[in-house]
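Please read the structure below before turning to the comments.
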């Protein structure tokens, strides 16, 4: 499958070793991205693929891109992904249940066909490929070469990209920024102490407690003052360890006194 | 500016004027519309007066660049064929205005809208017959569907929305096929003589036969739907049943003639070879139309349905005459177009009055009208006789010419066509017998006869039916040069009379 | 060693003016008082679009392919399409500014207390205006770009604001956010295809510029398989953008969910930009390889027309119906690409303008039809609208007739000229299918007209809100243009003819 | 080693990304798959840059990275908004729109 005949398009052994170690791992990581259930794992696998690519870029005489790949892509973009995953919930995972029956096998089949076709076409194409290599082009340094191109030939596109950056910032603002009008906890407590009376500064008393005795063998009282036998554990009842509830019942005149 | 353009603009100006009249003043609106249609009639009379019948080719020619990128021009001009059809239009329009004075009162929209649509329709009918630029013809051909659609859907009876829709869809479908053919012939002209839509120039193109057949079919199917020829006729009965009498008259009397007119003007002139190829098929279709229409008419209980099916039969005759490719055949067919216009006008108008009075369109509901309403009954009788092609009434001449013209080339077809006449006698007489004679049905006793307005409006139609029956010569004089030209373009000459005749 | 690049700013100015307007708009968001923002933003947006148009008219006769080194071609087609985009955007901005279509606060959760209070406070998300201006600048650049990088950047500049704005609907916000998500994911997906295709074209020709790709094709130096892969992937990306079958699935959802003015803007202007770029790519860069791509585009064109027309019939939502109609129109427009001749370019230019005006007008009408809960797009509730407001319903019918290609509307001339071009190039099959599809499409346009005019209104039918000056202006202008271009198309056809050139 | 192996790798990664977009349901994962596709395209650009012997491909990659960064900002903002509204980032749950 791999044609070794083309001398111009071939490189020295170290790169081959690098490629044959890293490339299969990258493919496995990419496949894993598809197969793992948790989004976070997918993100980490993608980061791995990106780092692999960065190494490849450097191996392919694209030093600048290799660095940018690590800094911008793996560093910034993937971190953003991870942030969002944290926000949405790290546990967020896919249900791997199919929604449309037969969709997944069909998609996989189509993809294998698509990929196979693609690979075989490329396979036919590359036998004619002869690489020029970048040694001459990079004579003044890769970064210098890119800068030269970027600020002359592609300066217009470079200028227009600024519109894109502003759009992105503006877009994030529109969707995420909301004017604060919730009062913070701190403000709430300050307000509490500034009010006229300090009577309920520590908070209001808890509502409705009706028991007059705190032993477990004394029944609770219902709102109308009568005892509630069911409030006593049935074990105590079976053992007969119950105190008569009458003394604790709230009588009518007692209520009036209060 | 050619008088033709003036004639096209007059109804449009009228339509614009109607917007100056307050919407509520229905009477004034009707009067303005009627007067404008009379003005149009006068202008067309002037055109007819100035028309030179001994000159072949187009007269009153006018041509301006319209869409220069495609070589499209506003080009008008008439020969005898177009003249008679324009006259048919301008004569029938004031008649239907007068006859259907109260038709618009119960429509979905206002009276004004009705008359605006009618006047726009008149203008576009004149335009479609006058156009000598294929693109202009096509645009008007399609655009005039909209007013008819709105007239049926907005002012008709019964299942009017559905009928209007059916009409529009059929016509638009045909129109689109024609559009493909129009584009095709334009491209061929671009390659050969520089892009043009001028009919005369297009006739000089050399088209390879496969393409020509396709282009011919594009045009022909559009016209066959319009004409309507079996099997493209199914929209007609429902439209005729739902439309108001005035709309029906213009639709069947004039608008559908665009189909047969287009066959002569475009199919035969532009595609003579394809015409030869398809003639047997078309003759067969027209015979089927004649017989099918007649049989269906016999079985009809609805009076408008009856008229619609008789029309299908008559259109069969017209198409038969056209594709017989003899001078009598084409002249007869052209004359038939005019006569059929007046004959259907009479039928629809009288039938409309009958239906309005009786509030039913079933034939068996009209028993003994002869005794109750003699004038109406006689009018209906005469109209029926013209549909039957009784000698002495106009249709006879044209039907005779068609059959004679056909016989010299296609004897079998002519004989089969003659059966159609017998069937016509059957369905007309049965209808007349059922509706006019016999005992007076009790519910019919209170029916009033035609009032003065109705009498005035039907009188000219009946007069024309009779006059044209005895004295068709002036019209034939107009028609004949253009007939000969058509035959010449198609490369036919009249077959010599067989020895021993 | 480093020579500073020489840009022709006069020719880039139309784009730069719009961008400047957008930046000014961002500044207004940051510094202006709340109640001042909306009028200021509207003024800035309209002024910058108008100024850009004036500048464009000033330099319309200049031609240059080196205006921005090799990235930008200022030729006839560029001028025409930029002018069309600017005029239509002007209308779209008027619609956008017409109150009540956008959410009061995008960050508030739908149905929350927060949302209610921001509505009560009468807030509005005025960032829409700068976003629109950014999108316009991208649209202006996209059909003019002559290298793959600029094309890609322009594609993103025009898409990102649209993704955002699709999610800002005031009512049915969940639906709207969902539309934004779908639009975004599929848009990004298609960008990836575009880019991958670009990579292969670069691999084929060794250059990113369209002209060099054309030269590589004509000199036949590269590897044909790379070329084929490049064309196919690039095409997939572009077909996604114009909503051609089989990449059309997003269109109805996004059209339905997005705020109606944005839908109109998207439908009219994005189509011009995307078709414009496609025309340039296929006419300039890939014309030499037509044997490979022309059959594919022909088939896609036919299938797109058919699917759009047939699927539209079963729709019950006005906006979805219009979406499928736009799919069908994408098919018709692809016919112009298949034609691959000067008439094809001319016809496409005319078609885009005619379609753009009818579309903006139609969506303007959609914003007007409401009930107490807001816009009503259920077609069954539009029944009998013709009786209540004949003018508005009549205009809508006119736009539909134009979509259907009835004579004396602009749509007819557009279809006529594009079919003529295709016929001229020998692609009769496209014409035949085009005509057939027109017939099918007419069926559903007529069905809507019947509902509006020939059916009695139901009790729960909707009202037409009294149109503001802005909306009436948009509707009236669209009506006038649609009729004028139908009756006297030479007005625009002549300039389409003059400007139908690509500089190479 | 043949340089074209990088192109095979790029095609494989692109294909995996393209499948991922279709089969995965979580919007964030779908988006990550798009990123994978963009990375694959970048690898192709860089490799072709080496084969062609000019830097245009590397420039294209650079632009792709910038553009992708912007796209991520916008895309994640949209996804977060969606998530806040309905507590789910699944594409399937986003199906109010009629299919």
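Structure values in brief
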{"item": "Backbone N under 16 Å from the residue A:178 label point (7 Å along Cα→Cβ), restricted to region C:81-124", "result": "C:103-124"}
{"item": "Hydrodynamic radius of the protein assembly as shown per Kirkwood, over alpha carbon pairs, in Å", "result": "35.6 Å"}
{"item": "With Cα atoms, 0 to 90° folded angle of helix C:490-499 axis to chain C main axis", "result": "40 degrees"}
{"item": "Label point distance in nm, residue C:487-residue A:165, each placed 7 Å from Cα along Cα→Cβ", "result": "5.3 nm"}
{"item": "Förster-model FRET efficiency, 35 Å R0, residue B:298 and residue B:449, C-beta, rounded to 0.05", "result": "0.75"}
{"item": "Inter-site label distance for residue C:480 and residue B:63 at 7 Å from Cα along Cβ, in nm", "result": "3.5 nm"}
{"item": "Fewest-first ranking of A:20, B:378, B:230, using other Cβ atoms within 10 Å as the exposure measure", "result": "A:20, B:378, B:230"}
{"item": "By average C-beta atoms within 10 angstrom, highest first, the peptides B:44-56, A:21-33", "result": "A:21-33, B:44-56"}
{"item": "Computed [θ] at 222 nm, deg cm²/dmol, chain B (DSSP H ≥ 4; -39,500 (n - 2.57); rounded to nearest 500)", "result": "-23500 deg cm²/dmol"}
{"item": "FRET efficiency, 1/(1 + (r/R0)^6) with R0 56 Å, evaluated for residue C:34 and residue A:28 via beta carbons", "result": "0.55"}
{"item": "Extension reserve of the residue A:135-residue A:80 stretch, reckoned as 0.36 nm per residue once the Cα distance is removed", "result": "16.2 nm"}
{"item": "Potential lengthening between residue C:9 and residue C:221 on full extension [0.36 nm per residue; Cα-Cα distance subtracted]", "result": "72.8 nm"}
{"item": "Average beta carbon contacts from partner chains per residue of C:223-231, 10 Å cutoff", "result": "4"}
{"item": "Per-residue mean of C-beta atoms belonging to partner chains within 10 Å, peptide C:432-444", "result": "4"}
{"item": "Segment residue C:494-residue C:120, extension gain: residue separation times 0.36 nm, minus the distance between their alpha carbons", "result": "129.5 nm"}
{"item": "Sorted by Cβ neighbour density within 10 Å, fewest at the top, the residues C:81, D:82", "result": "D:82, C:81"}
{"item": "For region B:3-490: span of alpha carbons on each principal axis (Å, largest first)", "result": "71, 57, 42"}
{"item": "Highest average packing first - C:491-502, C:339-350, Cβ atoms within 10 Å", "result": "C:339-350, C:491-502"}
{"item": "Over chain C: helical MRE at 222 nm, DSSP H runs n ≥ 4 each giving -39500 (n - 2.57), nearest 500", "result": "-24000 deg cm²/dmol"}
{"item": "Förster radius 35 Å - calculated FRET efficiency between residue B:27 and residue C:57 (Cβ-Cβ, nearest 0.05)", "result": "0.05"}
{"item": "Acute angle (nearest 10 degrees) that the helix D:5-23 long axis makes with the longest principal axis of chain D, alpha-carbon atoms", "result": "10 degrees"}
{"item": "Per-residue mean of C-beta atoms belonging to partner chains within 10 Å, peptide C:154-164", "result": "6"}
{"item": "Label-zone membership for region A:23-54, site residue A:104, 7 angstrom Cα→C-beta point, backbone N under 15 Å", "result": "A:32-39"}
{"item": "Residue order, fewest to most beta carbons within 10 Å, for A:235, A:52, B:408", "result": "A:235, B:408, A:52"}
{"item": "Residue B:466 versus residue C:310: modelled label distance in nm, points set 7 Å from Cα along the beta carbon direction", "result": "6.1 nm"}
{"item": "Highest average packing first - C:90-102, B:113-125, Cβ atoms within 10 Å", "result": "B:113-125, C:90-102"}
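None of the figures in this text is laboratory data; all of them are computed from the coordinates on show. Predicted, not measured: the structure shown is a model, and the values here were computed from it. Here Cβ is always computed from backbone atoms with ideal geometry, including for glycine, and neighbour counts include all displayed protein chains.
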